[in-house]
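Working notes, structure below.
The values are calculated or read from the model by the stated rules, or taken from the named source; none is laboratory data. In this text the structure is predicted, and so the values were computed from the model without any measurement. All Cβ positions, glycine included, derive from the backbone under ideal geometry; neighbour counts span all protein chains shown. Remember, those area values only see protein heavy atoms, side chains included, never the ligands or the DNA or RNA. Shrake-Rupley method; radii C 1.70, N 1.55, O 1.52, S 1.80 Å.
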Amino acid sequence: MEIENKEKKGSFRVIIIFFVLTGLIAINWHKWTWLSGAIHAALDPSAGALLNWNLTLGMLIIVFIISLLTTLIQKYATDQKKLKELKKEQKAMQKEMKEMKDHPEKLMHLQKKQMSMMGTQMKLSMRTIVYTGIPFVLFFGWFEDFFLTIGSPKFFGFLGWFWFYFLAILLFSAILKKKMDVV
């Protein structure tokens with residue numbers, strides 16, 4: 001029963017292990033040629049072909065696919081029901097906190113309760129890092145190599161690849177999360 005409860009609440013231990021692993025991969029990307037070479041062998045003929053075909057459209061397609069996969073993982077690897085409940089409770093608590101601004105002792109109690117809820121929410125929503133962290137680091141290493149190789153082009157004349165990726169992923173993720181009802 002205790003183990004089952006711990007799994008449902010989430011744990012930072014596994015997330016920390018994956019953060020360390022992704023950090024090691026990022027730091028050693030150029031040193032571990034066996035890894036970067038394998039990623040290049042897989043992505044050059046697929047994602048690289050898309051980017052060589054049309055840089056902007058290819059990048060949009062790649063970012064959309066990454067966003068779609070990430071959203072699907074968020075939907076099915078997290079307890080969406082629990083996350084929605086927590087979000088609803090937080091909204092109600094924020095409303096209650098506004099009403100209690102003249103009562104500092106009650107406000108402090110609500111703030112403590114809200115902080116504990118945020119920890120739980122964070123544990124639940126960060127589970128997707130276990131599934132996406134390493135692939136993202138590998139993709140980012142490949143992106144960096146690819147765009148340096150072709151001369152660091154600018155999207156729309158002024159955006160580097162990272163900022164283009166960042167803005168596109170925000171847009172696609174927001175749309176997909178809304179359409180797929182993902183918290």
Seminar exercise, completed: With every protein chain in place, the accessible area of M97 for a 1.4 Å probe, in Å² rounded to the nearest 10, comes to 30 Å²
Exercise. Relative to the longest principal Cα axis of the chain, at what angle does helix 33-43 sit, 0 to 90 degrees, rounded to 10?
Worked result: 90 degrees
For this session: Please list the non-local residues whose amide H lies under 5 Å from the amide H of G160, H modeled 1.01 Å from N, same-chain partners needing a gap of 5 or more.
Result: F155
Exercise. To the nearest µm²/s, what D does Stokes-Einstein give for the chain at 20 °C and 1.002 mPa s, using the Kirkwood radius over alpha carbon pairs as Rh?
Worked result: 112 µm²/s
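Shape of the range 41-139 from its Cα gyration tensor (a ≥ b ≥ c, root eigenvalues): rounded if a/c is under 1.5, otherwise prolate when a/b > b/c, or oblate?
Working: a/c = 3.87, a/b = 2.99, b/c = 1.29.
Here the range 41-139 falls in the prolate category.
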For this session: Enumerate the calculated ³J(HN,Hα) couplings along the range 104-110 in order (Karplus 6.51 cos²θ - 1.76 cosθ + 1.60, θ = phi - 60°), each rounded to whole Hz, writing x wherever the residue is Gly or Pro.
Result: x, 5, 6, 5, 4, 4, 5
Exercise. Average projected area of the Cα convex hull of the range 84-183, in nm²?
Worked result: 9.5 nm²
For this session: Note down the relative contact order for the chain as a percent, whole number, built from C-alpha pairs under 8 angstrom at least six residues apart.
Result: 39 percent
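By average Cβ neighbour count within 10 Å, what is the ranking of 167-179, 123-135 from highest down?
Details: 167-179: 14.6, 123-135: 17.4.
Those peptides, ordered most packed to least, come out 123-135, 167-179.
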